[in-house]
Structures are given as structure tokens and as C-alpha cells.
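Engineer: Submitted below is the structure of interest, expressed as C-alpha cells.
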Number of protein chains: 2
Amino acid sequence: MRKQTLWLKRATKMIAYVLVCLPYFVVTAFAQDFYLESPDKQVSTRVDVSSDGIYYQLSYKNKSVINPSRLGFRIKDQPALAGGFMVTDAQSSEYQQSWQPLWGEQQEINNQYNQLVLYLTETQGLKRQLTIYFRLFDDGLGFRYEFPRQDNLTEFAITEELTEFAMADNFQSWWIPAYRDQRYEYQYLKSALSSVDVAHTPLLMENDELAVAIHEAALIDYASMTLRMITDNHKTLVADLVPWADGTKVYTQAPMKTPWRTIQIADKAVELINSNLILNLNEPAELTAKPDWIKPGKYMGIWWEMHIGEKSWSPGKSQGATTKRAMEYIDFAAQHDIDGVLVEGWNRGWEGEWWQRKPTFIFDQPVAGFDIKAVSDYAKAKGVEIIGHHETAAGIQHYEAQMDDAFAYYQKLGIHSVKMGYVGTRLDGNEWHHGQFMVRHFQKVVETAAKYQVMVNAHETIKDTGLRRTYPNLMTRECVRGMEYNGGSPDRGNLPNHTVIIPFTRGLAGPTDFTPGIFNFDYQKNRPNNRVPTTLAKQLALYVTLYSPLQMAADLPENYMNQPAFQFIDDVPADWAKSIALDGAVGEYLVVARQDKSSDDWYLGAISNEKQRDVNVELNFLPKGKTFKAVIYRDAKKTHWKTNPEAIEIITQRVQSDDLLKLTLKPGGGAAIRFVAL
Amino acid sequence: MRKQTLWLKRATKMIAYVLVCLPYFVVTAFAQDFYLESPDKQVSTRVDVSSDGIYYQLSYKNKSVINPSRLGFRIKDQPALAGGFMVTDAQSSEYQQSWQPLWGEQQEINNQYNQLVLYLTETQGLKRQLTIYFRLFDDGLGFRYEFPRQDNLTEFAITEELTEFAMADNFQSWWIPAYRDQRYEYQYLKSALSSVDVAHTPLLMENDELAVAIHEAALIDYASMTLRMITDNHKTLVADLVPWADGTKVYTQAPMKTPWRTIQIADKAVELINSNLILNLNEPAELTAKPDWIKPGKYMGIWWEMHIGEKSWSPGKSQGATTKRAMEYIDFAAQHDIDGVLVEGWNRGWEGEWWQRKPTFIFDQPVAGFDIKAVSDYAKAKGVEIIGHHETAAGIQHYEAQMDDAFAYYQKLGIHSVKMGYVGTRLDGNEWHHGQFMVRHFQKVVETAAKYQVMVNAHETIKDTGLRRTYPNLMTRECVRGMEYNGGSPDRGNLPNHTVIIPFTRGLAGPTDFTPGIFNFDYQKNRPNNRVPTTLAKQLALYVTLYSPLQMAADLPENYMNQPAFQFIDDVPADWAKSIALDGAVGEYLVVARQDKSSDDWYLGAISNEKQRDVNVELNFLPKGKTFKAVIYRDAKKTHWKTNPEAIEIITQRVQSDDLLKLTLKPGGGAAIRFVAL
């Protein structure tokens, strides 16, 4: 077997694409092998193309992470596109460039990778072509397929993507199951990899040497990838694309590029939170400056009072969306640093059990009792944004027929933000939420919203794959079992460890509209069995540990009044210059620091699961020699999420970057800190 | 609503059935309610019978554990048997008696409960009758249904058992999934209850107040109960009986009693290990004394060398089962306190990939190269038992046709023990391993084995439900992901926490043939990626923490030679006078003490997961004032399951019951102690 190795020279400093084209043409009856290293040489991949098929493998620090794993496709009414290839050309290149997201966790992101592009042609039969891109970063691998324009593959249907991930260890894994009715809204399972059945991504795995997460980037006009365990060895995961109702995975035509399959790697799981690999694999936005209608910020809304049974989405006696109530929210927001007010149930069609029937929503007519013009004028006068709401109840046809008008209606009212909803088990009664059908639809939503200058915050939609880089009005999404489950859910709600798992799993995909900020833990009048399983200090800490550019203060205005702790929510920004996950262990604890984008202030959030623990935080993320006033919101001596969640201490002290801060997090507790630059 | 409460008087001391019959006859149009307390009044149940249906609920220390939950059935070609009942009679009674198992974890077991029997008749239509027995113990509830002899329910098919378990909290749960091809052989999932899909029992749940496990007792001629989450609330589990291939759950005829549904409760999960509720709900054996052919003991066998690729089950060059090799095992066993020697692959039919085809096994003909007569004669001369092997490869018809002859053949050879196997994904190609089909078959096996004086150790069979009390030749079973997965499994094997989960979950069902005792951690020649994820000291500790009356020393004789640590395996018994789970947390650590049945010696096992930890063991289980020589097998300073598993220290010290022993368990480590009565 002849081995062909591409050793990539390291460039000293590059500021744009540098293509080191190595024209390649090799004929061998047996195999063609390629080798690629990350810029820091710690991550490496090997690709073998032989008559058997295409196989890649991945190593980190000279240990195998992914053993040889198959690549390819099954195509409807054609032979599989998986073997019998010849590499007709191979190109390697290095890339390094920093870029500035319009908003996000970081003001500047370094995008540095080594790339290998393999141009494959079948040697026999249809002689179809396939191109595969491998990008190796210091924090992992991304690879994608491209179907070039060609005669024997024009319009076609993918019946199976054969991409495998033959994991090299029986990793401890953290996952949510795919193909269940609650979409992504499950608490995470922790198990040996060998016990995984079929999981959504990001799938997090760790052993005592490293942590690895599989996900995807730039999911456009394709089906979402879930990972199914191959049961003959219980260690190889295979891409299981969420199908259309007819069983087809993807309808497409060449030329076409698939989403990137991503494998993020770090020594420890907490370091994965600092990875920008997903964003780096998405295309830059065409915008170069942030339009003024795209604004990260905080919002409140008529919402939690429905979840705790005080109000209803339905019109009538207990109607939540009233002009008066909206104005109360606007008043509170205007008096505080809250940018927007959401009104759920404002439009017509919410009568009764709206989630049980074909949707009846009308998206440009307010319900009786809610004067949208008066409310949006009032908001404008007070300097507060109104956040619209498009709940589709999973009725896509019904919604799309009105979509353009619905966004135009918001634009006319000066509304620049919408919360989307897709409550239901199947779209239009028969399509999964995570197939190409939803991906196409949601793309349409984002583009239509942009046309009418509206930011999107989507619930129950397709998972995040970093498209916010390309479409910067795509702000945040739910796609997680959020705070709402602590309100009205009959299963009593989330466990205390849930929010300590999310940043390591769901959070790797992108911004999470979890909706923190519950201050009143005593809402059991209508919900005798439900609880918010945190302390008040942990609620504050979530504003730092859970990233979202639209961050809700989810409780009612009454519950925030006369609460000194609300000052932290007033202060905390939703857009950051820097973000650093400092320390943590999945499901146990997490400490995150972020620097405000519009000041020199820093913020820190530390959270624990159901256990009390001490965390020692080195403040060396602060600039050296500079003094900060640390305003610390922490659990009190007897604070406990179950028996005494509200007890909080607010203390102030001066700190510098060489200080060590010892924080005691009580059971279900946390700490939130603002470091004011002096 | 009229409430009828049965307060049960506590009897002072009873030695046999005491029936306090309270003849009951109540007519009300609305509801009949019954209340029952455990002997210590800490556990209580309420049963409501109304036109709606039959509902029970369960409380522990005045907190709800199970909210009102439905009882009943769907019957083929009849209306559901679930509502419209009248309680025509209700009987309550108290019971207390100690009994002596022929072998087991305890020499004496206290069986004390309060019982309520409800006799139900439909008020309309078919007027069918149903009787329900509730037994409330200090450690939980058992209830079962009885279909009395009646005109309108004779031969019938159950299409659904409607029994619900509406859990009162979103418990942290430990479970394995049902309806997967590897039967029970999965590593456990840890998740919020709300993320459970469909689980086998025992299902363990815990919160910070209590631990609860759902299982069943006395599963005879019925389908195994799995627990499926109802997705409209994600907290109610419903009995999901494993169906026949035709979809029917149970074929039966009145009179008939179902298995007991069991709910074990304790303050902490570790206390559940001490519960005898499952055994107490099984019928006593008809035997009053232990026949001499039923003998708990230790065994070795030609087995692990196949799993690590040194030998093969197939006849020929690498054949494991040879006369010579068997005699080597017999020699070693005879020189040590090992009672039996298993020979896998001894019979005809193992050629090639036997698990891939219809079974070809012949159960009374040895393979060429294995002289069974010579081997069993040799064993007899050396005082060692031979353990037979019936691998069916899930071919039930093929096996049953030979079964009687096969056991007679063993009896003739003086073989009194058999290991059964049912490798395969479906029985006879189409039946699940856990439906009524297997339950019926396995009952036949146990009864046939008894007829020929053979003890049964079954792998891949139906889960344990305590039937060893009734059938004392039913010794132990696998029904777990055992040691074998550390040998040849392509997924690299079990994680270090696996053996720290099993006693809290699978172990609650009964004896587990996990097969501990691997001393040679360096078997990577043929298995480069596999590992036994423990230290040597932990291997020893497993003999105490994992209960089995037939306990394997799984490694090869060569690997035990010149190993001082083997002394512990020589010494440790397989039958106990007392067993106490002292301390532990699921998946974290466990400390168990047991007293030898044939001496005054005690044994202790302490095990940890992948983390190092110190455990402090109070020795107050030892008799007061008596001095013991503690022979301690413990991890050395630098022992680590991954890098240095063999390092072990054996030290001896004198202890008494008021001593506190501090044990340091290294990562993946443990400690094993023999307390020799002086």
C-alpha cells in the first residue's frame, strides 16, 4: 500500500486565504492516503480512499479519538456513492484570519485552520464526482461533502448519509434522545457511549484524557443529523438524517454542499465551551456593520404568568395579553435597563386548547382587549421595544400563507423582534421538526424577517448550527428544556443539575433562550408540585453562564420590585467583548467570566448542581494592575434551593487580577459578580 | 364521598398467618376508599374504587411517593377490566413470620406485612370479578391481581395491563432501556425521570428525601413488566408487558394470579439493597431442608480465554474445551477452595459463527477432543464439581426437544450444575427474551433441572423476580452487562462506575453472575482496546459487593498462580448468615459487609467508581467485645485502574466492633477484608 502524506508548512502570519495548491493526480489500484494536521499539530486526521470506500480517522495528542470511519451516501435509484473512487485532485491550504462578529460572546474571533480538499471520481459506472473538505482547527475537525455539477447526478434524493464516527473509547456521554415528541426538550441522559441509542447533537463525550463533541455547522436546505449507535459494536455512531414523512432524507440537486460535520476536542469538557469552531465554519454575513435594528438586549414579557397558571393565552377573563398589562411591563422596563417587552397571546386565534387543533392564528390582528397600536406607541414613547410573537402551533402552511404580511405588519408598527413558536409533535401533522422540511421553512423565516428588519428568537425550531454568523438577525433560540418546565409542567420541572449540563451540551450549538430570572419561588398556588430548582443567586448567575443575545428577565414585574438583587439584571449586558469558561465539570458546576462589550466591566457567573461546593476563582482574566469593585451576589449561609432559595447576600469588595476569590455555592446555588472597572 | 378506613391493629408477636377478617360490604354510588399502613406506619397506601376505575397511591413518611395511579387490564374481545367495579368484600390481615432460606444473603428473613384484599365485581355487563392483594411492608408495597374462576372470564388474552405508577417527583433515575437487542446487557443511564422512555425493572429513583425502586416478584406464566413513560405528563410510568410476536401480552385462564408489582422504599438508595421484600413475596419452597446437590459455591471455567481471544468455542485448532485444559482447571480448583469447573463449548454444534445461524447444538454429545466421561471422573476423584453448559443460541424449539435427555445425561455423569445461555436477539427468531414465551420456557427449564437434580445459572434469560425462594435450584443469573464485555466487546467494555451501579439496580432483583476475579489486566495481545476498568483490590471486593450463590473466579488458572491476593477468593464464601449494605451512593461507591454462614468470620467489600475516595467504615456490625484478625486487601499508594491496576497491599491488623476503619479507594479501586474470628 502506497502512502501519500500531505505535510502542511506552517505560515507565519496570514491575513486572508492562502491556497497552497498541490495539483495531485495519482493512480493506484489499492489506496490513496492523506494526512492533515491542525496548526498546533495536536489534532490530526488521516483519510484513506480505496476501492472499499472513503475512511477518515481523527487523533488528538497522538491518541485516536475516532477510528477509521466511513464516508459516503446512498442515493435513490442509483448505486451507493461510497466506494470505487479515485482521488483526481487534492488541495491543501492554510488559513488564518480574525473576524469580528456583529454581536456575540467575543468581539474578535480567530479563524485558523489547515484544509484538505479531495476531489473524487468513481472509476467505473456512473463516474460520479464527490468533493470532500476537511478543515483541521486546534480545537477540532470540520468536514463537509460537495456534490459538484455533473451529468449523472443532477436532481437526486439522499436516502442515507453513511458518515460514521467510530469512537475510540466507550466515553461517558451526555445526550438527549432523538425521534421523540418533545423535540429537544429533554433533560440530559448520562450514560456510557455504548448505551446511546439515537441522539441529537451536540453529543458530548468525555473520558479522563479528553472531551469531544459531535455536532454540525451551517445546516441549510438539508436534514438535521442525529447519531445512531450501530448495534453490532456499540461504539460506532452513524449519521441518521431526520427523514421527510416519505422516508427520504434529503431532496437536492448538484451543485450542493452539505452542512459541516464537526468534532470539537479539548482536554476538558469546560474548554469546549470556549471553542469557536462552529461559527468559524459558517459563512460570513454580507453585512459589514451592524444595522441599528439588530440589537442584543434584555427583555421581559407576558409569559411566565401563563406558565404558573395566573393568566392564560386564551382571550377572555384570564387573558394575559391586555393593553393594561403590557403597559405595566413597559413601565417597568423603561424604569430599568430592560430593552424589550414580549407579549404572548396578543393576536387572534388563541382560544381554548390551541395546541390540540389545526392552527387558527391570525398574525396581523390583535385579540380583543389588546390595542397593539396603543401599546407599541406607548413603548416607543418610553424607549422600549415591543417583541412580537408568531406561534405557529406547528402549522407551517397556515403560517407561511401569512408570513410576509405578518412581518410587514410588525415593521409598520416599529417592531424589530419576534419570538417564534412551533409547539406540536409534527409539522403540518406529519413532518418531524428536524428534517429538511423545517430547515427550509426556518431559513425562509429568517430571510423574510431580515427583509422586514426583524430579529428572530425561535422556540421549538431546528437546532442552532452557527448560522447567526451568516444571518445576524437570527439571534437566539430555545431548542432546550427551558425554564417553562419549572412552571406548568406536570413532571414538576427540571432537576438542579439541568442548567449545569446545558452549557456543555446544547450550549455548544449556540445562544440559548432558556429564560432565567425567576425571583419569586412561591408560585405554588396553582402549581403545587412545581419548583424552580435553584437559589436566587443562581438565577442571577445564569445570565452569565447561559449565553443568549436576547436574554429574558422571565418573572413578573411585581416580583422584581423592591428586590436589590434585580440590580444585577439591570447591569448585566447581553453582548460581550470576551467570554471565558474558566472551570467546571458537566452536571456538577460551572464558572464563566465575560467582559462587557460597551465598558471595561467584567461579569462572572458560578453555578452548582444540587450539591454545595466551594469554588476558587483566580481573577487573572481581569487586566493586570487594574482595580475593580466586585459586587458579589451570593447564597447566604442557610440558602438552599429547596427550603430557602431567596436568601441572598450582596457584598462589595475591591479586587485585582492576582486575587483568588473563594465562592461557596449552596445546594442548587450560585454566585453572580459584576466587576466594575474603577 | 364516603371514606372507609381500615386501621390495622398491630399484633405483638405472630408466628403464622393471622387473618383478621373484616367482612365488608358497602354500597355507594360514588366511591369506596381503603387505607392501609405498614407495620411501622411509615408506609401507607390508599385505594379508591369508583365508577371511574381503581386507583392506588403510596406515601412514605407522610410524603406522596406515588400519586393516584390506575389499576386494571384490557382484555381481548371484551371491554376493559378497569372500571365500573363494586367492592363486594375487603379483608385485612397482619402477618409476621421469620423464615430460613436454604441459601442466600441472610440466614433468617423477617416477613412482616399488613395485607388488604379487595374483591371486586363489575356492577354491569359481564359482571366480571377481579381480586387485588396489597401487602404493605416497612420497606415498601407489593400488590398483585387475581382473576378468580368465573363464567365470563375463562380462557382469555390480556392485551394491556393498565397498572400505573404516577411518580410524585421528577426523581433522578437509573435505568436500562427495554426493547433493545442486547437484552439487559446495557450500562445504566442516569437521567431525570422525565427523560425515561421505556425501562426494564428494577428501575431505581431517588431524590434528596428517599429512594424508590419498582420491580416485580414471582413472575410465573406471565409477561415481564417494563415501564413506559406516558408522554402527556412525563412523570407517570405505565406497565408495558413485553408482548408475544403477535402483539398479545399474556395468554391465560382464570383462576390466575399475576406477579406482584413491587415498590421498595427507603431513606437512601443503599438501604434498598438490604430489603427482602421481593423474596418475601415469593412462595416458600416445598423443600424444608437443602438437598445435598444444591450447593452455593465458587467456580472457575473454560470461558475467559475465549473472551480475550486466546481460545475459541469452535472445535479445531484453538478449541477451548479440551480434556487436558479441563483437567488443568480441575487440578487448580482441587488445590484451592474452588467448588466447580465450567466447560463452555464442550458439546457438539459450536462450529464457526454459531450465533449467526439456526442452532446446531447437540446437548448429549461431546465435541472431539473433549472426553466428558474422563473429565467428570477426574473431577469426581479430585472432589470438584463439573458445571455443564446449555447454550441454546435462542433456539428454544431446538433446545426443548433435547432438554429432558440433556439433563438426564448430566445426572448420569454426576453433574449437578448447568450454565444456560440464550445468546440472540429473538427467541426462535421472533419472540422477545422477556415475554411470556421465555417465562414459560425458563420455568420448564428450572423444573426439569430440579427433576434431574441440577442447579441452574442462566445467562440472557428473564430477569430475577425472587423465584429462587420457591425453586431453590434456581441459583443465579446474568441478566446484566457482565465482565465478558471487558473481554471481547468491540465497545471497549464497561466504565469504572458500572459495578457501583449494579448492586443498586439489577442487584435488587437477585443474585448476579457478573463473574469477577480478573487478576491479569494485560490481555491486550488480541484485545488491544479492551480493559478491565478496576484495580485488583476492587476485583476482590466484588465478591462481597455483588451477591451470587455461584460466584465465578473468572480468570485463567495461570493468572492466579503465585498470587497472594488469590487467598481472598479461596477464603470468601458464597453463602451467608448475614448481609448488610453499610454505606454507598449509586454509581459512586458502596460498602457491604457479610457474615459467613459456616463460621464466625465476616467479610467486607468497598468499591469506588473512577474517582479516588476515602471511606470510613464503622465496624459495629461485628459482635461486641470480640476480637477479629482483619486481613485487608487494599489499593497501594500508586494504584490506578488505568495505569497500575495490579498494585495491591495485603495487611493484617486486629480490630473490634468499636473500631473505625479508614479505607482509601484509589481511582477504579476498592478494598476487600476478611475478618477472622479469633
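No value in this document is a laboratory result; all are computed from the given coordinates. These numbers come from a predicted model, not from an experiment. Neighbour counts are summed over all protein chains in view; Cβ atoms, including those assigned to glycine, are modelled from backbone coordinates with ideal geometry.
Engineer: Give me the base-10 log of I(q)/I(0) for the stretch B:387-545 at each q in 0.13, 0.16 Å⁻¹, Debye formula, one uniform scatterer per Cα, rounded to two decimals.
Structural biologist: -0.69, -0.98
Engineer: Which residue, chosen from B:Gly488, B:Phe504, B:Thr470, occupies the Cα position most advanced towards the positive end of the dipole of the stretch B:297-570, where the dipole is computed from +1 (Lys, Arg) and -1 (Asp, Glu) charges on Cβ about the Cα centre?
Structural biologist: The residue sitting most towards the positive pole is B:Phe504.
Engineer: Separate question: Find out how many positive minus negative residues lie around B:His416, taking Lys and Arg as positive, Asp and Glu as negative, among other residues whose Cβ is under 13 Å from that of B:His416.
Structural biologist: Every neighbour counted, the sum reads +3.
Engineer: Could you give me the percent of Cα pairs per 10 Å distance bin for the stretch A:543-678, shortest bin first, beginning at zero and ending with the bin that holds the maximum distance?
Structural biologist: 12, 43, 37, 8, 0
Engineer: Residue by residue through the stretch B:550-558, which ³J(HN,Hα) values in whole Hz follow from phi under the Karplus form 6.51 cos²θ - 1.76 cosθ + 1.60 (θ = phi - 60°), with glycine and proline marked x?
Structural biologist: 10, 10, 7, 9, 7, 7, 6, x, 4
Engineer: Then there is this: Measure nothing but the geometry: give the 0 to 90° angle between the long axis through the Cα atoms of A:396-413 and the longest principal axis through the Cα atoms of chain A, rounded to 10°.
Structural biologist: For helix A:396-413, the angle is close to 60 degrees.
Engineer: What does the structure give for B:231-239 when I average, per residue, the other chain Cβ atoms found within 10 Å of the residue Cβ?
Structural biologist: 3
Engineer: So what is Rg over Rh here for the stretch A:303-372, counting just Cα atoms and using Kirkwood for Rh?
Structural biologist: Rounded to two decimals, Rg over Rh is 0.99.
Engineer: Hand me the trypsin sites (Lys or Arg not before Pro) from the stretch B:128-171 located in a DSSP loop with no more than 12 other Cβ atoms within 10 Å, in residue order please.
Structural biologist: Those that pass, being in a loop and sparsely packed, are B:Arg149.
Engineer: OK, next. Semi-axes of the equivalent ellipsoid of the stretch A:297-570: what are they in whole Å, largest first, if each equals the square root of 5 times a C-alpha gyration tensor eigenvalue?
Structural biologist: Ellipsoid half-lengths, sorted descending, are 25, 22, 19 Å.
Engineer: A follow-up question, please. Tell me whether the stretch A:280-408 comes out rounded, prolate or oblate; compute the Cα gyration tensor, take square roots of the eigenvalues as a ≥ b ≥ c, and use a/c under 1.5 as the rounded threshold.
Structural biologist: Note, shape of the stretch A:280-408 comes out oblate.
Engineer: Using only the alpha carbons, work out the radius of gyration and Dmax of chain B in angstrom.
Structural biologist: My reading of the Cα-based Rg and Dmax gives 25.3, 78 Å.
Engineer: Now a separate question. What list of ³J(HN,Hα) values in whole Hz, one per residue of the stretch A:93-103 in order, does the Karplus curve 6.51 cos²θ - 1.76 cosθ + 1.60 (θ = phi - 60°) give from phi, with Gly and Pro shown as x?
Structural biologist: Per residue, the Karplus-derived 3J(HN,Hα) values read 7, 10, 9, 8, 7, 8, 9, 10, x, 5, 7 Hz.
Engineer: Which of the listed residues, A:His433, B:Ala326, B:Thr154, is farthest toward the dipole's positive end in the protein assembly as shown, when Lys, Arg count +1 and Asp, Glu count -1 at the beta-carbon?
Structural biologist: B:Ala326
Engineer: Can you give the angle from 0 to 90° between the axis of helix B:436-451 and the longest principal axis of chain B, with both taken from C-alpha atoms, to the nearest 10?
Structural biologist: In chain B, helix B:436-451 runs at an angle near 60 degrees to the longest axis.
Engineer: Could you give, in nm with one decimal, how far A:Pro148 is from each other copy of that position, shortest first, with labels 7 Å out from Cα toward Cβ?
Structural biologist: The answer, with the shortest distance listed first, is 8.3 nm.
Engineer: Using a label position 7 Å from Cα in the Cα→Cβ direction, what is the ascending list of nm distances from A:Asn430 to the same site in the other copies?
Structural biologist: Reported distances to equivalent positions: 3.0 nm.
Engineer: Any idea what the A:Asp292 label distances to the other copies are, label 7 Å down the Cα→Cβ vector, nm, shortest first?
Structural biologist: 10.2
Engineer: Hey, if you put +1 on the Cβ of every Lys and Arg and -1 on every Asp and Glu Cβ in chain A, which of A:Ser224, A:Gly316, A:Gly605 ends up farthest toward the positive end of that dipole?
Structural biologist: Towards the positive end, the residue furthest out is A:Gly605.
Engineer: Let me ask something else about it. In whole percent, what relative contact order does the stretch A:381-462 give with Cα contacts below 8 Å and a gap of six or more residues?
Structural biologist: Computed value for the stretch A:381-462: 37 percent relative contact order.
Engineer: Using DSSP to call loops (not H, G, I, E or B), can you name the trypsin sites (Lys or Arg not before Pro) in the stretch A:547-628 whose Cβ has at most 10 other Cβ atoms within 10 angstrom?
Structural biologist: Listed in order of number, the matching sites are A:Lys624.
Engineer: Continuing with this model, one more query. Residue by residue, what Karplus-based ³J(HN,Hα) values in Hz, rounded to whole numbers, does the stretch B:331-342 have, using 6.51, -1.76 and 1.60 with θ = phi - 60° and x for Gly and Pro?
Structural biologist: 4, 5, 4, 5, 7, 10, 8, 10, 7, x, 10, 8
Engineer: Percent of Cα-Cα pairs per 20 Å bin, from 0 to the last occupied bin, for the protein assembly as shown, please list those.
Structural biologist: Calculated over all Cα pairs of the protein assembly as shown, the distribution is 10, 35, 37, 17, 2, 0 percent.
Engineer: Here is a follow-up. Taking only Cα atoms, what is the 0 to 90° angle, nearest 10, from helix A:536-545's long axis to the longest principal axis of chain A?
Structural biologist: 30 degrees
Engineer: For the stretch B:411-453, run through the chymotrypsin sites (Phe, Trp or Tyr not before Pro) and keep only the ones in DSSP coil with at most 16 other Cβ atoms within 10 Å of their Cβ.
Structural biologist: none
Engineer: Might you report the magnitude of the Cβ-based charge dipole of chain A about its Cα centre, with Lys and Arg at +1 and Asp and Glu at -1, to the nearest 20 debye?
Structural biologist: In total the dipole reaches around 540 debye.
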